[in-house]
Each structure stands twice: as C-alpha cells, then as structure tokens.
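Worksheet for the structure shown next.
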Amino acid sequence: MAPNHLSVREMREDEKPLVLEILKAGVKDTENRVALHALTRPPALLLLAAASSGLRFVLASFALALLLPVFLAVAALKLGLRARWGSLPPPGGLGGPWVAVRGSGDVCGVLALAPGANVRDGARVTRLSVSRWHRRRGVGRRLLAFAESRARAWAGSDGEPRARLVVPVAVAAWGVAGLLEACGYQAEGGWGCMGYMLVREFSKDL
C-alpha cells in the first residue's frame, strides 16, 4: 500500500468495536498454534498424563478422563492470550491506542504502547494487529515505524539520547517475527512456563 494512502492517528470512541474485532481476530489466528506448541512440550505432556490418571479414579469414562485435562488446558491458554492481546489496552501508557487508516477511512491496523520500568528499558508494544484483508501491504511496517518514532520522542522528552523499542511476540506468530527480523529487531529473551518459551521479546535500539 502506498504510504500516502495510509495514515496513523489516535482511535476514536466510535471505533472501539472495530478495533476490538481486529485485536480478537489477530489472537484467533495464533492461539491454536500457541496451544499446540505449549501442550506438546514434555513437561506439559507429563502433567496432562498425571491429571488423566487421577481423573480415571473419579470419572467412569476413560475417554472423558483423557480429554478433559487437554480441553481445560487449551481453554486456559486461549483465555490468557485473549486477555493479554485480544482486548483493548488499559488507558494511560504512551497515549493511543492508534489506528492505521486507509485513504478511504477504513481502519486496518491497531497499535498500543506502554512505557518500560524506566527510559533505558525502552517503550513496549502492547498491541499490534493488522486486519486480515490488509496484511502483506505494509500496514505492519507503517505501524512499527510510528511506534519507533513515539519511542524516540518519549526517550528524548526525558533527556535520554538513545531509545529502545521492545515487541513481545507469541512463539507461533511466525509472520510477526519475520517482519520484526526484517526491520532489524533481535530476539532477546522472553517468558514461558516449565522452562519452555511461549513469548519471545524482540528489541531494537533506535
């Protein structure tokens, strides 16, 4: 998409339902892959097997005892992902959320930022999602460039000569990871469970 056909501005109140739908759709595209990745790690398989064995003494159905722990684990992971990335961000932070808008007025992407613990930790992207119909058209790059400019402005307002931007990405979101690597971001740590990474953090010094 040509740069002059795309602008970034703060979300309006009447755009909240549409923005929420874009965020939910973005999470829905990756939640099954994240659940599959998490539940096929050896410690998770061991815990599921132990839970199934315990339920066999309570439930009459072997199939139900086998499937119930898996269903509950998948549901818990999906609810966690939707609460983290599939909802509107809390007020405050570095302003926003911002939306990418086509020349025709259609909202096609969402961005939200939050400050780190201090300026040297950099700003953090808390929401970054692009409508399915507008992916691979440069909307993600445009939002990322806008996030970098906001991070620089925030660091400069506190007298910090260098800025930093951190973007957390679910392990199964290969498209976002590829975009960040192409834009010069590097994976540096993250967080997970039982020694296995679920979310990687990409960062870039600006």
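For residue 10 and residue 145 in one chain, what is 0.36 nm times their gap in residues minus the Cα-Cα distance, to one decimal in nm?
Here the answer is 47.1 nm.
Taking 8 Å as the Cα distance limit and 6 or more residues as the minimum spacing, I'd like the relative contact order of the range 66-147 as a percentage.
RCO, the range 66-147: 21 percent.
Ignoring ligands, DNA and RNA, what percent of the 1.4 Å accessible area of the range 18-174 is carbon and sulfur?
61 percent
With +1 on each Lys and Arg Cβ and -1 on each Asp and Glu Cβ, and nothing else charged, work out how big the dipole of the range 40-171 is about its Cα centre, in Debye to the nearest 20.
440 debye
If you roll a 1.4 Å probe over the heavy atoms of the protein chains, what accessible area per residue do you get for the chain, in Å²?
Per residue, the chain has an accessible area of 55 Å².
On C-alpha positions alone, give me the angle between the axis of helix 16-39 and the longest principal axis of the chain, in degrees, nearest 10.
Approximately 40 degrees, to the nearest ten.
³J(HN,Hα) across the range 164-179 via Karplus (A = 6.51, B = -1.76, C = 1.60, θ = phi - 60°), whole Hz, x for Gly/Pro?
Along the range 164-179, the couplings run 8, 10, 10, 10, x, 9, 4, 4, 8, 8, 5, x, 5, 4, x, 4 Hz.
Once both axes come from the Cα atoms, what is the angle between helix 42-55 and the longest principal axis of the chain, in degrees from 0 to 90, rounded to 10?
Approximately 40 degrees, to the nearest 10.
Restricting attention to the range 1-102, which chymotrypsin sites (Phe, Trp or Tyr not before Pro) occupy a DSSP loop and are surrounded by at most 10 other Cβ atoms within 10 Å? Don't jump to the answer; show the numbers that get you there.
On the way: sites: 57, 62, 71, 85, 98; in loops: 57.
The qualifying sites are 57.
Give me the distance between the Cα centres of the range 1-75 and the range 140-206, rounded to whole Å.
About 22 Å separates the Cα centre of the range 1-75 from the one of the range 140-206.
Using the Cα gyration tensor of the range 86-206, with a ≥ b ≥ c the square roots of its eigenvalues, what is the shape: rounded (a/c below 1.5), prolate (a/b larger than b/c) or oblate (neither)?
In terms of gyration-tensor shape, oblate.
Which entry in [x] 63, 37, 30; [y] 78, 27, 26; [z] 75, 36, 32 matches Cα extents along the principal axes in Å derived from the coordinates of this structure?
Comparing each candidate, only [x] matches the computed number.
Quick one: angle between helix 62-85 and the longest Cα principal axis of the chain, in degrees between 0 and 90, rounded to 10, please.
Value to nearest ten degrees: 10.
The values are calculated or read from the model by the stated rules, or taken from the named source; none is laboratory data. All of these numbers come straight from a predicted model, not from anything done at the bench. Note that each Cβ is placed from the backbone with ideal geometry, even for glycine, and that neighbours are counted across all protein chains shown. In case anyone asks, the SASA skips ligands and DNA or RNA and just uses the protein heavy atoms, side chains included. Shrake-Rupley method; radii C 1.70, N 1.55, O 1.52, S 1.80 Å.
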